[in-house]
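**Student:** Here it is: the structure, laid out below.
The values are calculated or read from the model by the stated rules, or taken from the named source; none is laboratory data. Fair warning: this is a prediction, and the values are worked out from it, not measured in the lab. Every residue, glycine as well, gets a Cβ built from its backbone with ideal geometry; the counts of neighbours run over all protein chains shown.
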Amino acid sequence: MKTNFIFRRNRLAVCLATALALTSCTGDFEELNTDPYGISDEQLVGDFNIIGLPFKQVQLSLYVNDPAWNTQLQQNLNADMYSGYMMSPTPYIGNVNNLNYSLVSGWNGQAWTDAYDMVMKPIAKIEAATKGKYDNFYAWSLILKVEAMHRVSDIYGPIIYTQFGKLNSDGSVKYDSQKDAYYAFFNDLETAINILTPLARTEASLITIPFKPFDYVYDGSYTKWVKFANTLRLRLAIRIAKKDAAKAKLEGEKALANEFGLLSRNSESFIVKTTTTHPLNVINNSWGDVRLGAPVESILGGYNDPRLKFFALPATDAAVKDQYKGIRLGVDIDAKTRYVDYSKLVTFPNQILLMTTAEAWFLKAEADLRGWVGAGDAEANYINGITASFQQYEAEGLTEYLEDNTSTQKPYIDPKSIKPEGNDIKAGSQYLSEVTIKWDNNADFETKLERIITQKWIAMYPEGQEAWSEFRRTGYPRLFPVVVNKSNGEIGDFIKRLEFVSNEYSTNAAGVAEAVTLLGGPDTGGTALWWDID
Amino acid sequence: MRKSLLKLIVLLFMSGTAAYAQTTVSGRVTSATDGSGVPGASVVVKGTTNGTSADADGKFSITLADPANSVLVISFIGFSAQEIAVQNQTVVNVTLREDAQQLNEVVVTALGIEKETKSLTYAVQQVEGEQLTRSRDLNVANSLSGRVAGITINRSASGPGGSTRVVLRGNKSTTNNQALYVVDGVPMINPSVGQPTDIWGQSTGAGSGSAGRDGGDAISNINPDDIESINVLKGASAAALYGSQAANGVILITTKKGKAGQSKIDFSSNLTFENVLLAPEMQYKYGQTASGTRDSWGPVVNAPDHVKKFWQTGRTWTNSISLSGGTDKAQSYVSYSNTTNKGIVPTSTFDRHTLNFRETAKLLNDKLSLDGSVNLTTQKSHNRPVSGIYNNPLTGLYMMPRGLDFDYYKNNFEYYSPTREMYLQNWWAMDLENGNPGLDDQQNPYWALHRVRRDDKRDRVFGSLTLKYQFTDWLSVQARGRFDKSYDKYELKANAGTQSVFAPRNGRYTFDEQFNSQLYGDFLVLINKDLNSDLNLSATFGTSIQDFKQNDGLSIDATPNGGDGLNIPNVFTVWNITPSAERITQTLDKKQIQGVFGSMQFGFKDYLFLDLTARNDWSSAFAYTPTANKGYFYYSVGVNAVLNEVLTLPEAISFMKVRASYAKVGNDIPSYYTNPRDYSINGTRNSADQNVIGPNPFRVLRPEDNRSFEVGSEIKFIDNRVGLDVTYYINNNYDQFVTAPATSGDAKYSTWYWNLGNIRNRGVEASLNIIPVKNSEVTWSSTFNFAANRNKVVKMSDDGNGISKNSYQPLTAFGGNMFGSYIHEGDMWGDLYSNRIIKRQGDAIVVKADDTGQIVPVTDGVDVPNAPRIGNPQPKFTLGWNNSIDYKNFTITFLIDGRFGGKVLSVTQAYLDRYGYSKATADARDNGGLDMKAVYEDGTPYDSKLDAKAYYSTIGDRTGVGSEYIYDATNIRLREFSVGYRLPIKIAGIRNIDFSVVGRNLFFFEKNAPFDPDLAMSTNNALQGVDVFGLPSTRSIGFNLKAGF
């Protein structure tokens, strides 16, 4: 210690002396100009950390687990609300914001930035370190990449995917159309599944499980990752079924044909296990920035759904005390106090649920509806889906529920509306569905589809991103249109997408200009995505 | 033994030349003005180093080798030097004339080199220490406002001892614009600890919901009583020798030292009282809209003004004592001061102690001089006022719905919770028993003060040692070292029951400590030689090294992320923080700068001067780039002519000089940017293994390139009764260091670094000294300081290098708020932009009926580039008028300080309007609405009054319409006023007793904004010209007692 001190002092003196001789003493500069508290690649070589750490980052950024404000911008103030699951009682920006379709560019770049900075960049690093060398890790990264990026594409449309990392000489990067992106997703999933399937066969005999130290989702199980990849493939195939039926069928049937099949037990749901508080709990409890959405009250309330109490708490506002009372999207809010005592969300466990097993069953139900080989029976799948969801919550009353052929979505009354009755959805409204719970094999295609999607919507709660995408694709369940539309005519009753991020306009002007042409409409929230046809 | 030997050698040597007997000559040096002795006057035998200093009475004696031919040179600062031939006299009395012309006034310039004022080729302005202590401010930098032309000072709105932003000649840089402080020739790091970075008051690195904070800067640690004088070197020319840090100008502080023959004790005591000068205008007439609502658009309640009762009279008491004295061989100076302050906000206190010791000595036949000093400071503050929306007692104070009983909430800021068996916060907006966490923009102010306790503490030590050896009368060498280390500790203890955005359920504990240190060393060769009878050369060559360790910090926080935060409620220790809430950050910025430099000044016949400086720096920040090894070179050149000695000028002109200089200064970049690490620890995720990919190394980063030119003139008229000093300057700062987001498609980097653009500042500075009255009874001297600066971002970028020419570099990004501040080509540095506009048709605002039928203004959210520019906080010009009137034993001084032009923005006002708390809203309601010209969207006129609530609810709040909350920043104030009286006593042992009444910030002659535009939320680049619930500006009045023994 002491010698070091003396050495340093002397070195200063020596430098002073040599500097006088018109030369400098810059030998220490590289060390001085190195942040002692950063980490370099070299330090991560041991224990595969150089591969493993990026994996951790990616898993925790699909839906950012912390800080909560990031999650709030990434998903909560858009998809979570547009899905009908939730609404904010906070009148952000003088109540002129995303929630009444006046899109806030300062918010809406978060999902994009999170995906590129915290998913795509680490995955590029993983790919460089693993492709052709540790193909199991490479395959795993492909699955995560698709899981992250299809969400981004479902928000914005065209994205940077196949051309990622390929900067043109002017610094710009090309976008893929949403179709090209989806085709690339299928390719990547196929590659991953082909690598992991044989490994999954041998899984029982493995002594060490390579993914295990870094896997926050499936504890290193190849089998479960294959099942998830199959289910994700089916999700994407179903998504494009209306737009590109042949490709959808091809990909969907491949997914259904894989020997490991889809997610089938609740222990297989895609849940990222974290140590930090679920961001929704912070936004809901600490900040009071999110409350239940009106459609949840209307649909689950109308169905007397036993799961409702696992979604939200009864309101504490005197006007609606002890009712499950949601807020409609885009309501006129003068002050936060108006709606803050409507139904809070429940406190969620500290786990990020991104795909439920129930969803797999509902995907299969729809696949059967569409006549895809290997999908099984729609009715059985539908019942399995609801059953899985009830089991997830350990909710009671499943049998009665499945048999209920009278309950329908109920009207929505907002007694605290600034404009009296201005927010109400009254009986007979076109926004209230007649569809009941009990499966009816004689119903027409659309009714069957609505039944499946409505139940899927319930089962996916609170994952607003997928729910919003499926609502846009199918129009189900029947959500309520935005009450006050402040988009200046750019967006209709239901928003279709978010605008490209403003930073891309300044750093990748050529790329984003082309992306707008790929989008096929103006860069507004009113332009429908490629798969969104009605 | 050795000494005798030395004497013998000297005697032997001298015997060869000294053919005559030695004689001792004695005498007394007196002042021509009043006949008093001139203590400390220097008496030197011309052409030798043989010399002495006069004692306290002005007496001296000196031994001469050659009394017949010796000539004594008697000199003292402020007097004209005299030469007297001894001619074998044994008593030589000398009367020195005060140097009325002050032409030979010496100022300290770069590297502590003293130069005659008249020889300078650039603008320097001096402020005497006495002026700084008269109406003192706890941060001495604030006392420069109005006293120096071209200085812009913005105090942090954090009360006594807070940081100060000092900018000379306009904002030049995208990164750092603050002037460099140099104490006794050595640069001083001046980190401002913990500045807020957003309108919530949160600071970088701190967790979300953190309290705004200002830990104070380094300059505020200097005791104003220790300052002899301050010289402000405004331009880069003056500063070239300090290296790149000086590109923004230099504040040169010369501290006091002991003087030979003068044993002095000075004592001063200063007690001032502060009250609110300018607080927001609010209404108390209209009550809460409805029970439980947060606004006051309700019926008339005529509530009492509870805000006025909240403020207390602040009190600052400063005591300072200094002892100095010495012989002609060694002099000592010791001072101690303490300050205790009680703020205008209850519970807020500030204490500071400084101890300063300085020793100067001459050794080895006066050839070796030594100058050493040690300075110790310790200070602590409790609940230092904060700005911003979060955790600020003023938000709850201002926005309590009218009609509620403030005294009740004052006396019952907590209640006993039966469910938790502890005291929790009691506030109208929250109901913790029923899970209602309340509002994130207000808490019970007394809870915020008593149960969210914040403590800042700083210990600092700095010391320096200078050794100078005079080889011959023209050659000396000097070595110097300085050590500066400060330790800051910050703790926040928020009890359970604090609003949940600011604290987890069981309370929050923040523990933050930071070291800042600097080692400095330099070595100089100093030459001052008459090359021939006309030409003098003064030159300095040297080398320096600076080693910095800044922000060497560790911060541990229990973040409010929804969990408990602390295992056991209200136990504030690190071990008690729960793992899921724990957030740890560790930082250290290292840097080393080495420099080699030289300067030469040629003086021709004492009226023509040529200055050349050159310097090459090597900064570790350029490691990994080509600049690392070659460093970066910069230089300055200046000329100066004293015209009255060359030309025949009109008789009225007693002195005139013209000067011009050009300088190019290279500036380095922040540490580590050429070598970003692959991963950084993600502290918010409470884990060492989750990282964000680092930014682009860009190993081609270059030094910033700052070029300035200035030309000026100094003229004195009418026997120097009128003096004018004018400077014009132009400064272009090229190749600025810019951080910009990368395109998303970059596979490795999320941020790119660039050297870009050019920011230009040009302007005029003038200072005018007048002595309007000067007779035997009254002397009135008066100084005007004027400065005007024009700033322009001439160029942002060349297109096609990844950052668009039209990009907006954020100083404060919109982030959903009503304003942002950006650097954009063609505009000014730091222009404010509005994030929302009111639609207008001609001069009428556009209105429409909203869903409820209410007529409201039509607004639209806009982002850059469409967001309108709404103003710039920088003044168009500043004018200070400083006066001192002496009449018999009385001295009256006053300083009127004006800033003209510029715009500032008040988020506070927007909040108060939005919720019906501002006086404006009450006036509008009294008026039955607002009289505004309005039309419907189709152009049909709207003839009625606009409803106050509908209007203010639309434009107010932090997310409101920024362009409606922009105000003219022009203000003129009585900055300082004092009346002093010197007791006419003649008692042995007492030099003087002065008593004065002093005032600071007394009142505004003119003011248009709802807050004091001098206040800034932060002293960094962000949040300039913006008030977000800042502490009101205060007026202080007090007494000063000074005694000299």
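**Student:** Would you pick out the residues in the stretch B:576-616 that are at the interface with chain A (Cβ under 9 Å from one of its Cβ atoms), touching a Phe, Trp or Tyr at 6+ places or on another chain (Cβ under 8 Å) and either farther than 29 Å from residue B:672 by Cα or touching a residue at least 40 places away in the same chain (Cβ under 8 Å) (or both)? Quick ask: steps written out before the conclusion?
**Tutor:** Quick first cut of the stretch B:576-616, residues at the interface with chain A (Cβ under 9 Å from one of its Cβ atoms) only: B:579-581, B:585-592, B:594-596, B:616.
Among the residues that remain, those that are also touching a Phe, Trp or Tyr at 6+ places or on another chain (Cβ under 8 Å) are: B:586-592, B:594-595, B:616.
Within the stretch B:576-616, B:586, B:587, B:589, B:590, B:591, B:592, B:594, B:595 qualify.
**Student:** Taking the stretch B:134-171 as the region of interest, how many residues are of a type outside the set (A, V, I, L, M, F, W, C) and closer than 17 Å to residue B:231 by Cβ? Lay out the reasoning, then the answer.
**Tutor:** Looking only at the stretch B:134-171, we keep the residues that are of a type outside the set (A, V, I, L, M, F, W, C), and these are B:134-137, B:139, B:142-143, B:145-147, B:150, B:152, B:154-156, B:158-165, B:169-171.
If we keep only those that are closer than 17 Å to residue B:231 by Cβ as well, we get B:143, B:145-147, B:150, B:169.
So the answer is 6.
**Student:** Just one of B:903, B:945 is in contact with an Asp or Glu (Cβ under 7 Å, 6 or more places away or on another chain), surrounded by fewer than 18 Cβ atoms within 10 Å (Cβ to Cβ) and more than 14 Å from chain A (Cβ to nearest Cβ); which is it? Before you say what the answer is, go through the steps one by one.
**Tutor:** Values: B:903 fails: surrounded by fewer than 18 Cβ atoms within 10 Å (Cβ to Cβ).
One residue alone meets the criteria, B:945.
**Student:** I'm trying to understand the selection: among the residues of the stretch A:25-66, which are farther than 20 Å from residue A:225 by Cα and in contact with a Pro (Cβ under 8 Å, 6 or more places away or on another chain)?
**Tutor:** To start, the set of residues in the stretch A:25-66 that are farther than 20 Å from residue A:225 by Cα comprises A:25-47, A:49-50, A:64-66.
Matches in the stretch A:25-66: A:35, A:38, A:47, A:64, A:65, A:66.
**Student:** Related question: Name the residues in the stretch B:399-436 that are closer than 19 Å to residue B:506 by Cβ and basic (Lys, Arg), would you?
**Tutor:** Listed by number, the list holds a single entry, B:420.
**Student:** Take the residues of the stretch B:59-98 that are in contact with a Phe, Trp or Tyr (Cβ under 8 Å, 6 or more places away or on another chain) and not in a strand (DSSP E or B): which is farthest from residue B:48 (Cα to Cα)? First the steps, then the outcome.
**Tutor:** So the first thing to find is which residues in the stretch B:59-98 are in contact with a Phe, Trp or Tyr (Cβ under 8 Å, 6 or more places away or on another chain), and the list is B:65-68, B:96-98.
Filter once more, keeping what is not in a strand (DSSP E or B): B:65-68, B:97.
Values: B:65: 11, B:66: 12, B:67: 13, B:68: 15, B:97: 24 Å.
Going through the qualifying residues, I end up with B:97.
**Student:** Can you find a residue in the stretch B:885-895 that is away from every other protein chain (no Cβ under 14 Å) and under 22 Å from residue B:821 (Cα atoms)? Spell out the reasoning first.
**Tutor:** Initial filter on the stretch B:885-895 (away from every other protein chain (no Cβ under 14 Å)): B:885-895.
Now drop any that are not under 22 Å from residue B:821 (Cα atoms), which leaves none.
So far as the stretch B:885-895 goes, no, none of its residues is away from every other protein chain (no Cβ under 14 Å) and under 22 Å from residue B:821 (Cα atoms).
**Student:** Being among the β-branched types (Val, Ile, Thr), surrounded by 15 or more Cβ atoms within 10 Å (Cβ to Cβ) and not in a strand (DSSP E or B) is the requirement here; does residue B:1019 meet it? Explain how you work it out, then say what you get.
**Tutor:** Values: among the β-branched types (Val, Ile, Thr): yes; surrounded by 15 or more Cβ atoms within 10 Å (Cβ to Cβ): yes; not in a strand (DSSP E or B): yes.
So residue B:1019 passes the test.
**Student:** Tell me yes or no: at least one residue of the stretch B:617-632 is aliphatic (A, V, I, L, M) and more than 9 Å from chain A (Cβ to nearest Cβ). Don't jump to the end; show me each part of the working.
**Tutor:** Of all residues in the stretch B:617-632, those aliphatic (A, V, I, L, M) come to B:621, B:623, B:628.
Now drop any that are not more than 9 Å from chain A (Cβ to nearest Cβ), which leaves none.
For the stretch B:617-632, residues aliphatic (A, V, I, L, M) and more than 9 Å from chain A (Cβ to nearest Cβ): absent.
**Student:** Based on what the data block shows, is residue B:991 away from chain A (no Cβ under 14 Å) and at pLDDT 90 or above? Spell out how you get there, then give the answer.
**Tutor:** Working: away from chain A (no Cβ under 14 Å): yes; at pLDDT 90 or above: no.
When the stated conditions are applied, residue B:991 does not pass them.
**Student:** Testing residue B:539 on (1) among the small types (Gly, Ala, Ser); (2) more than 14 Å from chain A (Cβ to nearest Cβ); (3) not in a strand (DSSP E or B), one condition comes back false. Which one is that?
**Tutor:** Unmet for residue B:539, out of (1) among the small types (Gly, Ala, Ser); (2) more than 14 Å from chain A (Cβ to nearest Cβ); (3) not in a strand (DSSP E or B): (3).
**Student:** Can residue B:861 be described as within 8 Å of another protein chain (Cβ to nearest Cβ), over 21 Å from residue B:388 (Cβ atoms) and buried (at least 16 other Cβ atoms within 10 Å of the Cβ)? Break it down stepwise before answering.
**Tutor:** Numbers: within 8 Å of another protein chain (Cβ to nearest Cβ): yes; over 21 Å from residue B:388 (Cβ atoms): yes; buried (at least 16 other Cβ atoms within 10 Å of the Cβ): yes.
Yes: the conditions hold for residue B:861.
**Student:** Taking helices (runs of 4 or more DSSP H) that fall entirely within the stretch A:92-211, which contain at least 3 residues that are within 14 Å of chain B (Cβ to nearest Cβ)?
**Tutor:** By residue number, A:92-95, A:105-108, A:110-115, A:121-130, A:135-156.
**Student:** Check off (1) farther than 20 Å from residue B:183 by Cα; (2) within 14 Å of chain A (Cβ to nearest Cβ); (3) under 31 Å from the mean Cα position of the chain (by Cα); (4) of a type in the set (A, V, I, L, M) for residue B:556 and give me the number that stays unchecked.
**Tutor:** Checking residue B:556 against (1) farther than 20 Å from residue B:183 by Cα; (2) within 14 Å of chain A (Cβ to nearest Cβ); (3) under 31 Å from the mean Cα position of the chain (by Cα); (4) of a type in the set (A, V, I, L, M), the one that fails is (2).
**Student:** Also, I was wondering about something else. Across the stretch B:948-988, which residue is nearest to residue B:268 (Cα to Cα) among those that are away from chain A (no Cβ under 14 Å) and in a loop (DSSP other than H, G, I, E, B)?
**Tutor:** B:983
**Student:** Which numbered condition in (1) within 14 Å of chain A (Cβ to nearest Cβ); (2) within 28 Å of residue B:443 (Cβ to Cβ); (3) surrounded by fewer than 18 Cβ atoms within 10 Å (Cβ to Cβ) is the only one that residue B:513 fails?
**Tutor:** (1)
**Student:** Go over the candidates A:228, A:260 one by one and state the one that is crowded, with 22+ Cβ neighbours inside 10 Å, under 30 Å from residue A:210 (Cα atoms) and at pLDDT 95 or above.
**Tutor:** Details: A:260 fails: crowded, with 22+ Cβ neighbours inside 10 Å.
On inspection, the qualifying residue turns out to be A:228.
**Student:** Quick one: which of A:161, A:138 is touching a strand residue (DSSP E or B) at 6+ places or on another chain (Cβ under 7 Å) and either modelled with pLDDT under 95 or aromatic (Phe, Trp, Tyr) (or both)? If you could, list the steps in order and put the result at the bottom.
**Tutor:** Values: A:138 fails: touching a strand residue (DSSP E or B) at 6+ places or on another chain (Cβ under 7 Å).
Going through A:161, A:138 in turn, just one is touching a strand residue (DSSP E or B) at 6+ places or on another chain (Cβ under 7 Å) and either modelled with pLDDT under 95 or aromatic (Phe, Trp, Tyr) (or both): A:161.
**Student:** Let me ask you something else. If residue B:172 satisfies all but one of (1) surrounded by 22 or more Cβ atoms within 10 Å (Cβ to Cβ); (2) in contact with a Gly (Cβ under 7 Å, 6 or more places away or on another chain); (3) of a type outside the set (S, T, N, Q), what's the number of the condition it fails?
**Tutor:** (2)
**Student:** Moving on. Quick check: is even one residue across the stretch B:449-465 buried (at least 17 other Cβ atoms within 10 Å of the Cβ), closer than 26 Å to residue A:283 by Cβ and of a type in the set (Val, Ile, Thr)?
**Tutor:** Yes, the conditions are met somewhere in the stretch B:449-465.
**Student:** Tell me, which helices (runs of 4 or more DSSP H) wholly within the stretch A:431-534 include 2 or more residues that are touching a residue at least 60 places away in the same chain (Cβ under 8 Å) and closer than 30 Å to residue B:806 by Cβ?
**Tutor:** Working: elements: A:445-460, A:464-474, A:502-507, A:509-519.
By residue number, A:502-507, A:509-519.
**Student:** Would you mind stating whether residue A:345 is within 14 Å of another protein chain (Cβ to nearest Cβ) and at pLDDT 95 or above?
**Tutor:** On the way: within 14 Å of another protein chain (Cβ to nearest Cβ): yes; at pLDDT 95 or above: yes.
Spelling it out, residue A:345 is indeed within 14 Å of another protein chain (Cβ to nearest Cβ) and at pLDDT 95 or above.
**Student:** Separate question: Can you name every one of the strands (runs of 3 or more DSSP E) wholly within the stretch B:645-722 that holds 2 or more residues which are at pLDDT 85 or above and touching a strand residue (DSSP E or B) at 6+ places or on another chain (Cβ under 9 Å)? Steps first, answer last, please.
**Tutor:** Numbers: elements: B:653-667, B:679-682, B:687-693, B:704-717.
Filter on the stretch B:645-722 gives B:653-667, B:704-717.
**Student:** Restricting the stretch B:818-851 to residues that are in contact with a helix residue (DSSP H, G or I) (Cβ under 9 Å, 6 or more places away or on another chain) and outside any strand (DSSP E or B), which is surrounded by the fewest Cβ atoms within 10 Å (Cβ to Cβ)?
**Tutor:** B:850
**Student:** If you don't mind, another one. What are the residues in the stretch A:107-135 that are farther than 21 Å from residue B:748 by Cα and crowded, with 19+ Cβ neighbours inside 10 Å, if any?
**Tutor:** If the condition is that a residue be farther than 21 Å from residue B:748 by Cα and crowded, with 19+ Cβ neighbours inside 10 Å, then A:107, A:108 are the ones that fit.
**Student:** Next up: Counting only residues that are at pLDDT 95 or above and of a type in the set (Gly, Ala, Ser), which one in the stretch A:286-314 is farthest from residue A:475 (Cα to Cα)? Talk me through it step by step, then tell me what you get.
**Tutor:** Quick first cut of the stretch A:286-314, residues at pLDDT 95 or above only: A:290-314.
Then keep just the ones that are of a type in the set (Gly, Ala, Ser); that gives A:293-294, A:298, A:301-302, A:312.
Details: A:293: 17, A:294: 17, A:298: 16, A:301: 20, A:302: 19, A:312: 24 Å.
Across the stretch A:286-314, the extreme among qualifying residues is A:312.
**Student:** Is one or more of the residues making up the stretch B:907-928 within 35 Å of the chain's Cα centre (by Cα), in a loop (DSSP other than H, G, I, E, B) and not aromatic (Phe, Trp, Tyr)? Walk me through how you get there before you give the answer.
**Tutor:** Pass one, the stretch B:907-928, residues within 35 Å of the chain's Cα centre (by Cα): B:907-914, B:917-920.
When the remaining residues are screened for being in a loop (DSSP other than H, G, I, E, B), the result is B:917.
With the extra rule that they be not aromatic (Phe, Trp, Tyr), the set shrinks to none.
The answer is no; no qualifying residue exists.
**Student:** Restricting the search to the stretch B:573-594, which residues are assigned to a strand (DSSP E or B) and at pLDDT below 90?
**Tutor:** Applying the first criterion (assigned to a strand (DSSP E or B)) to the stretch B:573-594 yields B:577, B:582-594.
Within the stretch B:573-594, B:582, B:583, B:584, B:585, B:586, B:587 qualify.
**Student:** Which condition number in (1) without any contact (Cβ under 8 Å) to a residue 40 or more places away in the chain; (2) in contact with a Lys or Arg (Cβ under 9 Å, 6 or more places away or on another chain); (3) of a type outside the set (S, T, N, Q); (4) farther than 24 Å from residue B:220 by Cβ is the one that residue B:487 fails?
**Tutor:** Checking residue B:487 against (1) without any contact (Cβ under 8 Å) to a residue 40 or more places away in the chain; (2) in contact with a Lys or Arg (Cβ under 9 Å, 6 or more places away or on another chain); (3) of a type outside the set (S, T, N, Q); (4) farther than 24 Å from residue B:220 by Cβ, the one that fails is (4).
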